[in-house]
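Contents: one structure, followed by commentary.
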Amino acid sequence: MANVPGARGTARPATTNPHPATGNVPLVLSGANVVMPTGTVEGGRLVVEGTRIAGTAPENAQVIDVKAHWLIPGFIDIHNHGGGGASFTSGTVDEVLKGIHTHRLHGTTTLVASTVTGDMDFLAQRAGLLSELAEQGEIAGIHFEGPFISPCRKGAHSEELLRDPDPAEVRKLIDAARGKAKMVTLATELPGGIDSVRLLAEHGVIAAIGHTDATYEQTVEAIEAGATVATHLFNAMPTLGHRAPGPIAALLEDERVTVELINDGTHLHPASLQLAFHHAGADRVAFITDAMDAAGFGDGRYMLGPLEVEVADGVARLVEGGSIAGSTLTLDRAFKRAVTLDGLSVEDAVAALCANPARLLGMDDTVGSLEPGKDADLVLLDSDFDLKGVMRRGEWVVDPQLG
């Protein structure tokens with residue numbers, strides 16, 4: 001990975017904190033548009049006590065005026081390969097933590113670390129490292145994207161390392177993750193694909209259909225077997241055809257499937273995003289970054305697994321072949337684009353970035369909405385939907401430093 005000077009983005013870490021939100025000083029954020037599961041409360045307030053959202057404010061609470069701002073839940077990214085110059089596939093523990101922190105500075109308070117295709121022994125070793133970080137609460141779990149994907153739709157994955165989804169090898173990765181495997185992306189039409197989907201479902205791991213050359217009928221079979229996610233819908237799969245609708249139609253029409261969308265303006269035309277929302281509905285869309293090392297860092301040369309990537313003007317492409325190689329997206333940018341350019345309501349964007357991924361991960365009892373009793377994970381935005389503050393478990397990651 002190249003040393004690329006300069007970090008993109010303007011979010012500030014909380015080096016000093018005049019508004020502590022933990023310990024013996026409860027906090028009331030007052031006057032904002034607070035987005036709740038039942039709708040937006042104008043001029044609302046949110047109480048934080050310790051690491052949790054509270055229902056009522058104690059007498060000793062500190063009140064901060066946040067009028068003309070938006071309070072929304074912390075973002076949840078279920079598909080993320082790195083950031084801040086660090087890779088979740090190959091970085092050291094310190095580098096992985098740097099990547100996690102980079103995305104926290106942009107509002108992602110819950111993150112699933114994704115790997116890319118690699119040798120099975122290497123991926124098992126990475127699973128061990130990442131599972132320790134999951135046990136420490138730094139990440140929400142592990143997503144294996146590859147090596148069980150189609151060479152016809154490999155994208156930025158090394159073809160010589162691809163393999164059919166043998167259930168025994170899928171089980172090897174699950175075991176290596178020590179209960180922290182959250183999702184595996186497979187081309188379910190490959191030999192062993194359906195049996196692997198059933199194996200994943202039996203072990204409580206999300207089977208995601210992606211990097212696939214499946215037909216409509218093959219995709220329906222995989223969904224019936226237990227697949228519940230479309231990995232970056234539209235990308236790395238056959239296009240929607242009027243005689244051969246392929247996987248896109250099957251994934252959009254089935255109410256059991258959550259569809260990932262990369263809303264960076266590069267991976268999807270706005271009409272494709274609208275198509276997905278129209279057919280799947282706002283409660284079945286999860287915005288993801290599919291971020292690689294350059295997210296929040298800068299242009300330059302990077303390695304994605306064994307493949308070299310050139311990032312220019314924020315767009316990542318393989319040096320050899322020119323395929324898009326993940327993104328440099330952060331979820332604050334995805335949110336702002338959704339509500340200012342794509343015409344989504346704030347509530348629908350919050351569903352796609354918070355509530356839906358929380359429910360998919362089985363974490364909606366603790367994160368994904370600003371309800372009393374849940375973790376105090378929140379994002380503060382100004383009236384232009386620019387990020388001003390980030391709180392994770394009651395501590396400011398980005399301190400808004402309001403009066």
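The values are calculated or read from the model by the stated rules, or taken from the named source; none is laboratory data. All values derive from a computational prediction rather than experimental measurement. Positions of Cβ are generated from backbone atoms using ideal geometry, with glycine treated the same way; all protein chains shown enter the neighbour counts.
Listed values, structure above:
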quantity	calculated
Leading residue by the ranking (farthest from G305 (Cα to Cα)) among those in the range 87-103 that are surrounded by fewer than 23 Cβ atoms within 10 Å (Cβ to Cβ) and in contact with a Lys or Arg (Cβ under 9 Å, 6 or more places away or on another chain)	G91
Subset tally (residues that are under 19 Å from T340 (Cβ atoms) and surrounded by fewer than 23 Cβ atoms within 10 Å (Cβ to Cβ)) for the range 382-399	6
Scan of the range 177-194 for residues that are in contact with a Ser or Thr (Cβ under 8 Å, 6 or more places away or on another chain), surrounded by fewer than 22 Cβ atoms within 10 Å (Cβ to Cβ) and of a type outside the set (K, R), ordered by number	G179, E189
Leading residue by the ranking (nearest to R317 (Cα to Cα)) among those in the range 224-248 that are surrounded by fewer than 23 Cβ atoms within 10 Å (Cβ to Cβ) and either of a type in the set (V, I, T) or not assigned by TED's automatic domain parsing to the domain that holds E189 (or both)	T239
Residues satisfying the stated conditions in the range 143-195, i.e. in contact (Cβ under 8 Å) with a residue 40 or more places away in the chain, of a type in the set (G, A, S) and within 16 Å of A127 (Cβ to Cβ)	G146, A176, A177, G179, A181
Single condition I149 does not satisfy, out of (1) modelled with pLDDT of 95 or more; (2) in contact with a helix residue (DSSP H, G or I) (Cβ under 7 Å, 6 or more places away or on another chain)	(2)
Matching residues in the range 9-47 - criterion: being modelled with pLDDT under 50 and either surrounded by 14 or more Cβ atoms within 10 Å (Cβ to Cβ) or among the acidic types (D, E) (or both)	G9, A11, R12, A14, H19, P20, A21, T22
Candidates A312, A351, A334, A358 - the one that is more than 29 Å from H278 (Cα to Cα), of a type in the set (A, V, I, L, M) and either touching an Asp or Glu at 6+ places or on another chain (Cβ under 8 Å) or outside the structural domain of H232 (by TED's automatic domain parsing) (or both)	A312
Candidates R317, R284 - the one that is among the charged types (D, E, K, R), at pLDDT below 95 and either under 20 Å from F234 (Cα atoms) or assigned by TED's automatic domain parsing to the domain that holds T40 (or both)	R317
Unique residue being in contact with a strand residue (DSSP E or B) (Cβ under 7 Å, 6 or more places away or on another chain), touching a residue at least 40 places away in the same chain (Cβ under 8 Å) and over 24 Å from H211 (Cα atoms) when the list is D290, D342, D299	D299
Test: residue in the range 48-58 that is hydrophobic (A, V, I, L, M, F, W, C) and either surrounded by 24 or more Cβ atoms within 10 Å (Cβ to Cβ) or within 22 Å of the chain's Cα centre (by Cα) (or both)	yes
Yes/no for T219 being modelled with pLDDT of 95 or more, more than 27 Å from F75 (Cβ to Cβ) and surrounded by 18 or more Cβ atoms within 10 Å (Cβ to Cβ)	yes
Candidates H69, H81, H106, filtered to the one that is modelled with pLDDT of 95 or more, in contact with a Leu (Cβ under 9 Å, 6 or more places away or on another chain) and in the same structural domain as I53 (by TED's automatic domain parsing)	H69
Subset of the range 106-133 (residues that are within 17 Å of the chain's Cα centre (by Cα) and basic (K, R))	none
Filter result for D119 (touching a residue at least 24 places away in the same chain (Cβ under 8 Å), out of contact with any Gly (no Cβ under 9 Å at 6 or more places or on another chain), under 22 Å from Y302 (Cα atoms) and buried (at least 18 other Cβ atoms within 10 Å of the Cβ))	no
